[in-house]
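Participant: One structure is given below, represented as structure tokens, and several questions about it will come after.
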Amino acid sequence: LQARISINSDVFKMGISGDSVIGVSSRWRQAYDICLPDFICVLIGTNDTPPDNAAADVMFAEIRSAIEDMLTKVRAVFVGGLFPRGDLTQPVYDAMNYYSSLLRDFAAGNDRVVYWDAFPYLVSSNAVGSSAIKTTAYHSDNLHLVPYGSCLAVKPILESLVLSGAFSDKKYYS
């Protein structure tokens with residue numbers, strides 16, 4: 001990421017494979033204290049895949065609270081919608097989209113929260129099921145990305161960073 005955005009800045013990956021919304025909510029301060037970043041990029045929720053909208057509401061409340069806390073320490077938080085998966089039923093697919101829409105709406109109401117979405121880059125169509133995801137982007141588990149999938153997914157992250165003016169003092173400093 002650092003090389004692709006061509007900035008003189010450090011980029012730290014502090015994610016934990018298999019982490020949950022609750023885990024990020026309780027652990028982000030430890031990562032912050034190690035790195036002291038200006039920005040935090042969050043992608044969380046896949047491991048908590050909500051079975052319905054009620055569960056998505058609970059997940060969203062937890063991550064919204066964590067993002068609000070993050071904003072007391074950093075200039076901006078970049079939050080991603082959930083990636084598509086190939087093993088979903090329609091109700092779970094709908095709940096994941098609902099969770100992502102809650103994140104998107106939250107970001108729209110806060111000029112220091114930027115929503116990014118890799119979903120359109122990782123699907124072949126809007127159909128549900130393993131045929132919907134770009135199978136060449138995923139391992140055989142239809143959940144984890146291969147390097148090609150990671151390249152596809154990083155595009156909206158880079159776009160959100162550039163378009164937000166994150167590396168311009170004009171947006172986040174007075």
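The values are calculated or read from the model by the stated rules, or taken from the named source; none is laboratory data. Fair warning: this is a prediction, and the values are worked out from it, not measured in the lab. Glycine also receives a Cβ, built like all others from the backbone with ideal geometry; neighbour counts cover every protein chain displayed. To get the accessible areas, we keep the full protein, side chains included, count just its heavy atoms, and leave off ligands, DNA and RNA. Shrake-Rupley method; radii C 1.70, N 1.55, O 1.52, S 1.80 Å.
Participant: Can you pull out the residues in segment 61-78 that are under 16 Å from residue 33 (Cα atoms), over 14 Å from the mean Cα position of the chain (by Cα) and of a type in the set (A, V, I, L, M)?
Facilitator: 70, 71, 74
Participant: Mind checking which pairs have a first residue in segment 50-64 that is over 15 Å from residue 19 (Cα atoms) and without any contact (Cβ under 8 Å) to a residue 60 or more places away in the chain and a second that is of a type in the set (Gly, Ala, Ser) and buried (at least 17 other Cβ atoms within 10 Å of the Cβ), Cβ under 6 Å, 6 or more apart or different chains?
Facilitator: Once the first residue is over 15 Å from residue 19 (Cα atoms) and without any contact (Cβ under 8 Å) to a residue 60 or more places away in the chain and sits in segment 50-64, its partners that are of a type in the set (Gly, Ala, Ser) and buried (at least 17 other Cβ atoms within 10 Å of the Cβ) give 52/95; 53/95; 56/95.
Participant: Of all residues in segment 34-76, how many are outside any helix (DSSP H, G or I) and either closer than 22 Å to residue 112 by Cα or open to solvent by 30 Å² or more (accessible area, probe 1.4 Å) (or both)?
Facilitator: The total comes to 19.
Participant: Just give me the residues in segment 135-163 being open to solvent by 60 Å² or more (accessible area, probe 1.4 Å) and either in contact with a helix residue (DSSP H, G or I) (Cβ under 8 Å, 6 or more places away or on another chain) or in a loop (DSSP other than H, G, I, E, B) (or both), in sequence order.
Facilitator: 136, 139, 140, 141, 144, 148, 155, 162
Participant: While we're on this one: Quick one: which residue in 122, 143 is in contact with a Lys or Arg (Cβ under 7 Å, 6 or more places away or on another chain), over 26 Å from residue 37 (Cα atoms) and at pLDDT 85 or above?
Facilitator: Working: 143 fails: at pLDDT 85 or above.
Only one candidate qualifies: 122.
Participant: Considering 123, 146, 92, 154, which residue is out of contact with any Leu (no Cβ under 6 Å at 6 or more places or on another chain), without any contact (Cβ under 8 Å) to a residue 12 or more places away in the chain and among the aliphatic types (A, V, I, L, M)? I'd like the intermediate steps shown before the answer.
Facilitator: On the way: 123 fails: without any contact (Cβ under 8 Å) to a residue 12 or more places away in the chain; 92 fails: without any contact (Cβ under 8 Å) to a residue 12 or more places away in the chain; 154 fails: without any contact (Cβ under 8 Å) to a residue 12 or more places away in the chain.
None of the other options fit; the residue is 146.
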